[in-house]
Amino acid sequence: MSSNIRIRESLEDKKSWFNIKRFRIGNTPFEGPEKSLDAKYVNKNIFDSITKKHTFKFCETTKTIRTFQIIKDLYKEDQDYKINDFFCKRNWLADIPTILNFTFEFNPFRYVRKIENMSGFFDQYYEFAKLFLSVPNIRTKMVSSKPYKNEIIIDAQNYIKFVDSAYSILNTKNNKPIFVPVSLRMPLSDLDLLIEHYLQKEYYYYWFDFEGKAVNETSLSRLRHVFRHIREAGYFKSTVSHFTNVKREIISNPESNESPASDILCSIAGANIIGTNREPRRAPPEAAILPAAALEHKARRFDEKSYFYLKTKDANYSDKMKYTCHNAVKLDEELGNQSDFFLTNGNLDKLLESKKMLTSYRDGLILRELNSKSSDSVPLSDWF
C-alpha cells in the first residue's frame, strides 16, 4: 500500500503560490522547497568536490523513452550493467536517495492490451527509485515541422486509464509514496478532467512534467488553474508538488550576457520539490549555432542577486557537468534564502522586488503573474 506523506505544517504566501510544507519521506526531511542534483550530469570527482561544502538531500534522473521497443529490449536484457545504466545507477551516489521520472513519447495501449503486460518494466523501476515512485508521464501530442504535423499520441481518458493501471502495479506490496504525472502541455480542459479524477482517487502527490517548457506566462496560467482547482476542492494543504524537466531559462539569446532564469521560479510558482532542467527538443534551425559558440552560450552561471543566468568564460565552468552542478548548488542555496525570508517576513514581496530580472523582464509581467494567486488573471493589455 502506498505510503502517505504526513504533512506536519503548511504555510502559504498570500500573493504567490510559494508554500512551505514540512514533511518527511523516509529518512529525508523537507522544511521548505528543495532542489535535486541531476545524476546524469555529475561524476564522482565533481560530486565529492561539491559535497564538501554543500549537501544535497536527493538526486534525480529524468529520461524520455521515445519508442515501445526500448521497453521490450529492457525486458529481454540480462546484462546487469546495461540495466543499471538505463536506470542511471551510480554506486557512489548510494548514500542519497534517488528520484526517477520517465516520459513516454508513445501510447502504450497501441502495443499492449492492458498495462499489466508492462509489469516487468515497473518491477525493475521500483528497485531503482529510492525516495518515491512516479507513474510515467505520456506526452499527449507530437508536433513536427517538416512537414508540419500535429499528431495526438493519447487522449485524456486513456491517459487517466494508464495512470490508474500503472499506479495499481506500483502499489503492489509498496511502502513508498507514489507521485502521479501532470503534463503542462495539456489544455486546461484536459487538466480539469485529470485533477478531478486524481482528487476522487485521493492521489495527492503530483509531478509536473514541463517537458522542456519554461516557467513563463503560459505555464504559470496552467499551474494557477490546477492549484486553484485543488484549493477550491479543499485539498491544497494535503498535496506535494514536484516540478521537473524545466527549461533553465525563460528565453536565451546567444548575443546577450544575461538570460532570465526560469528554474528558480518553480518554488514561487508552487513547487515543493524542484527537479532537473531539460531543453525542448526541436529540429535544428536553418542558421544553426556553431558548436563552439553553442558551448560558450550554454556555459552560464546562476546569479542569485538578480535571477539572471550570466555568461561566463571561466574555464572552471565551461564543462556542462561543472556548470550544471554549480548552478544546482546556487539554486538550492537560494531556495533556502527564499524560505528564510518568508518565515521571517510572512511574505516574499521585498525579496522578489529586489531581483532585477523579475522587475525588468517584460516590464515586470512575470512578477505580476507570479503574484496573481489571489487576483484575477493579468489584464489582457499587459500582454501587448
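The values are calculated or read from the model by the stated rules, or taken from the named source; none is laboratory data. On a predicted model such as this, the values are computed, not experimentally measured, just so you know. Every residue, glycine as well, gets a Cβ built from its backbone with ideal geometry; the counts of neighbours run over all protein chains shown. The accessibility values were calculated without ligands, DNA or RNA, using every heavy atom of the protein model including side chains. Shrake-Rupley method; radii C 1.70, N 1.55, O 1.52, S 1.80 Å.
Which of the residues that make up the range 248-260 are under 14 Å from ARG278 (Cβ atoms), under 15 Å from the mean Cα position of the chain (by Cα) and either among the aliphatic types (A, V, I, L, M) or part of a loop (DSSP other than H, G, I, E, B) (or both)? Reasoning before the result, please.
Taking the range 248-260 and keeping what is under 14 Å from ARG278 (Cβ atoms), we get 248-249, 252.
Still in the list and also under 15 Å from the mean Cα position of the chain (by Cα): 248-249.
ARG248 - this is the single residue of the range 248-260 that is under 14 Å from ARG278 (Cβ atoms), under 15 Å from the mean Cα position of the chain (by Cα) and either among the aliphatic types (A, V, I, L, M) or part of a loop (DSSP other than H, G, I, E, B) (or both).
Of the numbered conditions (1) more than 16 Å from the chain's Cα centre (by Cα); (2) at pLDDT 95 or above, LYS52 satisfies every one except a single condition; which is it?
Result: LYS52 fails condition (2) only.
hydroxyl-bearing (Ser, Thr, Tyr) and closer than 20 Å to PRO280 by Cα: does that describe THR98? Before you say what the answer is, go through the steps one by one.
Details: hydroxyl-bearing (Ser, Thr, Tyr): yes; closer than 20 Å to PRO280 by Cα: no.
Here the answer is no, as THR98 does not meet what is asked.
Taking the criterion of being over 22 Å from the mean Cα position of the chain (by Cα), at pLDDT 95 or above, over 21 Å from ASN337 (Cβ atoms) and open to solvent by 40 Å² or more (accessible area, probe 1.4 Å), would at least one residue in the range 8-20 satisfy it?
Looking for residues that are over 22 Å from the mean Cα position of the chain (by Cα), at pLDDT 95 or above, over 21 Å from ASN337 (Cβ atoms) and open to solvent by 40 Å² or more (accessible area, probe 1.4 Å), one finds at least one in the range 8-20, hence yes.
Scan the range 107-133 residue by residue and report those that are farther than 30 Å from GLU34 by Cβ and among the aromatic types (Phe, Trp, Tyr).
Initial filter on the range 107-133 (farther than 30 Å from GLU34 by Cβ): 107-120.
Answer for the range 107-133, where residues must be farther than 30 Å from GLU34 by Cβ and among the aromatic types (Phe, Trp, Tyr): PHE109, TYR111.
Take ASP95 and decide whether it is open to solvent by 50 Å² or more (accessible area, probe 1.4 Å), farther than 20 Å from GLY336 by Cβ, at pLDDT below 95 and acidic (Asp, Glu).
Details: open to solvent by 50 Å² or more (accessible area, probe 1.4 Å): yes; farther than 20 Å from GLY336 by Cβ: yes; at pLDDT below 95: yes; acidic (Asp, Glu): yes.
Yes: the conditions hold for ASP95.
What number of residues within the range 24-70 are among the polar types (S, T, N, Q), closer than 30 Å to ASN4 by Cβ and part of a loop (DSSP other than H, G, I, E, B)?
So the count comes out to 3.
Listed residues ILE152, ILE160; which is open to solvent by less than 40 Å² (accessible area, probe 1.4 Å) and at negative phi?
Numbers: ILE152 fails: open to solvent by less than 40 Å² (accessible area, probe 1.4 Å).
The unique qualifying residue is ILE160.
Checking the condition in a helix (DSSP H, G or I) and crowded, with 18+ Cβ neighbours inside 10 Å, which residue from TYR125, TYR81, TYR75 passes? Before you say what the answer is, go through the steps one by one.
Values: TYR81 fails: crowded, with 18+ Cβ neighbours inside 10 Å; TYR75 fails: crowded, with 18+ Cβ neighbours inside 10 Å.
TYR125 is the lone residue from the list that is in a helix (DSSP H, G or I) and crowded, with 18+ Cβ neighbours inside 10 Å.
If a residue must be closer than 21 Å to GLU127 by Cβ, surrounded by 14 or more Cβ atoms within 10 Å (Cβ to Cβ) and not acidic (Asp, Glu), how many such residues does the range 26-63 contain?
Looking only at that region, the number is 12.
Let's see how each residue does on (1) modelled with pLDDT under 95; (2) surrounded by fewer than 14 Cβ atoms within 10 Å (Cβ to Cβ); (3) closer than 29 Å to LYS21 by Cβ:
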residue: PRO291; (1), (2), (3): yes, yes, no
residue: GLU304; (1), (2), (3): no, no, yes
residue: TYR307; (1), (2), (3): no, no, yes
residue: ASP319; (1), (2), (3): yes, no, no
residue: ASN327; (1), (2), (3): no, no, yes
residue: ASP332; (1), (2), (3): no, no, yes
residue: GLY336; (1), (2), (3): no, no, yes
residue: ASN345; (1), (2), (3): no, yes, yes
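Can you pull out the residues in the range 230-246 that are on the phi < 0 side of the Ramachandran plot and either buried (at least 22 other Cβ atoms within 10 Å of the Cβ) or β-branched (Val, Ile, Thr) (or both)? Working first, answer last.
Within the range 230-246, the subset on the phi < 0 side of the Ramachandran plot is 230-233, 235-244, 246.
ILE230, THR239, VAL240, SER241, HIS242, PHE243, THR244, VAL246, listed by residue number.
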